[in-house]
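Read through the structure below, which is laid out as structure tokens, and then see the notes.
The values are calculated or read from the model by the stated rules, or taken from the named source; none is laboratory data. If you're wondering where the values come from, they're calculated on a predicted model, not measured in any experiment. Cβ placement follows ideal geometry from the backbone for every residue including glycine, while neighbour counts extend to all protein chains displayed. With ligands, DNA and RNA removed, areas are computed over all heavy atoms of the protein, side chains included. Shrake-Rupley method; radii C 1.70, N 1.55, O 1.52, S 1.80 Å.
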Amino acid sequence: RRVFTSVDAGTTFTERTNVDANWAPFYPWANVIAVDPRNESILFGGHASIFRSTDGGTSWTQVGGYGVPPVHPDQQALVFDPANHDRLYLATDGGVYSSADNGQTWAAASFGLVTTQCWTVGTAQAATLAYGITTQDNACYEWTGGTSFAQILGPEGGYIDFDPKNANTIYADTWFANLSKSTDGGATWSSLGLSADSGNSESLSIARGNTSWLLVVKG
């Protein structure tokens, strides 16, 4: 991720050190850059992870994202509290995080806030209702009652569906991964040997008359 700064209102720019050379070509949907409103030497740059600079971009320190919890990967937006520049809020594909020390450490701040994006939903055709959902940049979850979902397969979910005649048999897949099958309600999984050719998931349909017949479209 290449970073440039200007001190003459954009007439000229100076290239700084890459935020993270290992992730320089990262996806365009995760891209953050921000400047401390009280100290122009403090910069934040991010993509999958979030980095902090205290010398105007000459050097960077990772402060969240891959391998640095609790911040979830894929950074989307960063804002400063207008009343206190040491308090920051960071929006990611895994929720919102806050910092009280100018971005050096972070804490989850979105508990109770509905932020999860569902890709697909499957419903068990059984006397006891059960739902399966796949979520953007998170996992596959199942609901069998109560007020919460339980994770049954990860990482990021693609498609999920229940066998219409046996709710314990679940088919699901994840992005960049294999189509998998569970016969014990999601407790354990086995690969069916079909993996997506790119950053996509496999579309899945189960025949209602003969549930041994599956239709799968590889991405």
Task: Amide H contacts under 5 Å for residue 120, placed H, 5+ residues apart - done: 134
- [ ] Provide the net charge surrounding residue 93, with neighbours chosen by a C-beta distance below 10 Å and charges set as Lys +1, Arg +1, Asp -1, Glu -1.
- [x] -3
Open item on the list: So if I take the alpha carbon set of segment 107-211, get Rg, then get Rh from the Kirkwood formula, what is the Rg over Rh ratio?
Closed with: 0.98
TODO: Could you check which residue among 14, 134, 120 shows the biggest mean-square fluctuation in a GNM of the chain with a 10 Å Cα cutoff?
DONE: 14
TODO: Sort the following peptides by mean Cβ neighbour count (other Cβ atoms within 10 Å, averaged over residues), highest first: 96-108, 79-91.
DONE: 96-108, 79-91
Open item on the list: Apply the Karplus curve 6.51 cos²θ - 1.76 cosθ + 1.60, θ = phi - 60°, to the phi angles in segment 141-156 and return the couplings in whole Hz, x for Gly and Pro.
Closed with: 10, 10, 10, 10, x, x, 10, 9, 9, 10, 6, 10, 7, x, x, 4
- [ ] Output ³J(HN,Hα) for segment 90-96: one whole-Hz value per residue in order, computed from phi by the Karplus curve 6.51 cos²θ - 1.76 cosθ + 1.60 with θ = phi - 60°, and x for Gly and Pro.
- [x] 10, 9, 10, 6, x, x, 10
Open item on the list: Sequence gap at least 6, Cα distance under 8 Å: using those rules, report the relative contact order of the chain to the nearest whole percent.
Closed with: 9
- [ ] Compute log10 of I(q)/I(0) for segment 84-145 with the Debye formula, placing one identical point scatterer on every Cα and leaving out solvent, at q = 0.15 Å⁻¹, to two decimals.
- [x] -0.60
- [ ] Would you please give the residues with an amide H less than 5 Å from that of residue 103, counting only those at least 5 places away or on a separate chain, with H modeled from the backbone geometry?
- [x] 88
Open item on the list: Accessible area per residue for segment 1-82 in Å², computed with a 1.4 Å probe and the full protein assembly in place, what is it?
Closed with: 56
TODO: Work from the charge dipole of the chain (Cβ charges, +1 for Lys and Arg, -1 for Asp and Glu, about the Cα centre) and give the residue of 68, 122, 149 farthest towards its positive end.
DONE: 122
TODO: Could you pull out every residue, at least 5 positions away or on a different chain, whose amide H is within less than 5 Å of the one on residue 137? Hs are placed 1.01 Å off N in the peptide plane, and Pro or chain starts have none.
DONE: 157
Task: Hull-based mean projected area of segment 1-76, where the convex hull spans the alpha carbons, in square nanometres - done: 5.2
Open item on the list: Please give the charge dipole size of the chain, origin at the Cα centre, charges +1 on K and R Cβ atoms and -1 on D and E Cβ atoms. Round to the nearest 20 debye.
Closed with: 320
TODO: Sorted from largest down, give the three principal axis spans of the alpha carbons of segment 1-152, whole angstrom values.
DONE: 68, 34, 26
Open item on the list: Per residue of segment 48-62, what does 6.51 cos²θ - 1.76 cosθ + 1.60 with θ = phi - 60° give for ³J(HN,Hα)? Whole Hz please, x for Gly and Pro, Karplus curve as stated.
Closed with: 5, 10, 10, 10, 10, 10, 10, 10, x, x, 5, 9, 9, 10, 6
- [ ] With springs only between Cα atoms under 10 Å apart, run a GNM on the chain and tell me which of 46, 146, 67 wobbles the most.
- [x] 146
- [ ] Give me D for segment 45-95 in µm² s⁻¹, whole number, from Stokes-Einstein with Rh from the Kirkwood sum over alpha-carbon pairs, 37 °C and 0.692 mPa s.
- [x] 287
